[in-house]
Amino acid sequence: METNKRYPWVVVALLWGVALLNYMDRQMLATMRPSIQVDIAELHSATNFGYLMAVFLWIYGLMSPVSGIFADKFNRKWIIVGSLFVWSGVTFAMGYATHFQQLYWLRAIMGVSEALYIPAALSLIADFHSDKSRSLAIGIHMTGLYMGQALGGFGATVAATYSWQSAFHSFGLIGMVYALVLVLFLREKKDARITAGMHASGNTGSSVWENLRELLSNVSFWIILVYFTVVSIPGWAVKNWLPTLFSDNLHIDMVQAGPLSTITIAAASFLGVIAGGLLSDRWSQKNPKGRIFTSAIGLFLTIPSLLLIGFGHSLVHVITAAFCFGFGYGMFDANNMPILCQFVSPKNRATGYGLMNMAGVFAGALITNLLGRSMDAGNLGRDFAMLAGVVLIILCIQLYFLRPKANTIPD
């Protein structure tokens with residue numbers, strides 16, 4: 001099956017479903033709070049609910065580098081299967097929770113299990129796809145994350161129609177069954193792992209410390225890490241605070257502002273990753289900097305978008321800005337792993353992306369907290385607009401310092 005030219009796209013299709021479940025299962029809790037707090041009184045407290053959401057992010061961030069190391073050392077198929085099965089089992093178990101502490105610890109376990117997925121999945125897709133299709137393949141996979149985020153709201157629909165317990169049980173069971181589908185059809189990219197020095201036992205010959213030393217001595221990787229981290233700041237700002245800003249700037253109720261903002265961003269990002277993937281794959285065949293230029297175009301689109309999001313007060317301005325931001329950020333999302341492949345060898349790619357994921361999540365936690373204070377001070381729109389300057393600076397750094405010599409780095 002691995003020799004079949006279609007199988008790399010089968011891998012994308014299989015992992016697209018996992019990506020959807022990854023974001024949907026983590027997002028459901030936020031949408032079902034009103035239903036759950038009827039039975040678990042502690043969730044009436046916004047502070048307690050904040051603890052519940054934060055424990056996932058902190059553990060997810062801390063686990064991301066470890067997950068990357070695992071993915072570079074061991075069979076990625078079984079990491080992905082195990083990750084999906086565990087977090088789906090956790091989702092199923094949350095339907096039996098009767099106390100806040102039970103939800104808290106289950107949420108923490110979910111942070112560990114979900115963190116294992118992204119580095120393994122992206123490095124597997126990158127290995128299966130050549131330079132001609134790598135960005136498009138990863139971009140299509142990213143649409144699964146966007147779709148999962150959007151579908152997370154249906155947890156609230158199931159909770160309202162039946163019960164919140166039924167929602168957790170249903171989606172958890174779907175994930176566990178899908179893990180069995182992966183057991184049957186997902187394959188490791190054996191030749192890539194052999195190239196990276198994998199022994200028959202399943203782990204690579206070089207030590208973790210040797211691989212880390214090689215990765216962390218790579219100046220280009222540090223530039224990519226800083227670039228990814230800084231760009232994650234407006235990404236998380238939009239994800240966490242755009243509905244509030246829509247509500248305030250357009251003077252509409254959150255019932256309308258929430259779906260309007262999230263659907264606009266999700267739809268635009270969906271289109272952006274496809275367009276960015278297609279453009280990047282074609283451009284990179286003529287110029288090794290084609291992926292970097294494509295990512296830069298996407299980031300450039302976010303600069304006027306952030307200004308309009310911050311200062312716009314008409315529906316047309318704000319919707320246009322949100323769509324432009326989502327489209328540009330999608331182009332950026334589709335090219336992060338492909339750009340990493342131009343500077344980092346296959347044996348270190350998952351570790352590299354794991355470190356990037358950790359830094360991005362922690363940056364998101366920081367900006368979410370800072371913008372909360374900004375909101376209380378009445379400066380949310382102004383501070384959103386100021387993020388445009390941050391993006392412009394890091395965009396110039398990226399274009400100047402990242403100078404790949406080839407489309408991929410062999411081991």
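Brief remarks follow.
- Cα-Cα pairs of the range 254-306 separated by more than 12 Å (percent): 69
- Fully extending the segment from residue 401 to residue 45, taken as 0.36 nm per residue of separation minus the present Cα-Cα distance, adds 123.4 nm.
- On the range 293-371, 82 percent of the accessible area sits on carbon and sulfur atoms, based on a 1.4 Å probe.
- Mean residue ellipticity at 222 nm, helices only, the chain: -27500 deg cm²/dmol; runs of at least 4 DSSP H residues each add -39,500 (n - 2.57), and the sum is divided by the number of residues.
- Length added when fully stretched, residue 58-residue 217, from 0.36 nm per residue minus Cα-Cα: 54.6 nm
- The residues of the range 258-362 expose, per residue, 32 Å² of accessible area to a 1.4 Å probe.
- Size check on the range 1-147: the Cα extents along the three principal axes, sorted descending, read 55, 28, 22 Å.
- For the pair residue 170 and residue 10, label points projected 7 Å from Cα toward Cβ lie 3.1 nm apart.
- For the range 1-119: accessible area per residue (Å², 1.4 Å): 41
- Enclosed volume per residue, in Å³, of the convex hull spanned by Cα atoms of the range 271-350: 89
- For the range 71-150, the equivalent ellipsoid derived from the Cα gyration tensor has semi-axes of 30, 15, 8 Å, listed largest first.
- For residue 56, solvent-accessible area (1.4 Å; no DNA, RNA or ligand), Å²: 10
- Projecting the Cα atoms of 311, 104, 45 onto the charge dipole of the chain (Cβ charges, centred on the Cα centre) puts 311 farthest toward the positive pole.
- Among [x] 163; [y] 187; [z] 130, the entry that matches volume of the Cα convex hull per residue in Å³ as calculated here: [z]
- Rounded if a/c under 1.5, otherwise prolate or oblate - the range 347-406, Cα gyration tensor axes: oblate
- Accessible surface for residue 295 stands near 0 Å², nearest 10, in the context of the full protein assembly shown (1.4 Å probe).
The values are calculated or read from the model by the stated rules, or taken from the named source; none is laboratory data. Values in this document were obtained by computation on a predicted structure and should not be read as measured data. A quick note on method: Cβ atoms are made from the backbone with ideal geometry, for glycine too, and the neighbour counts reach across all protein chains shown. In case anyone asks, the SASA skips ligands and DNA or RNA and just uses the protein heavy atoms, side chains included. Shrake-Rupley method; radii C 1.70, N 1.55, O 1.52, S 1.80 Å.
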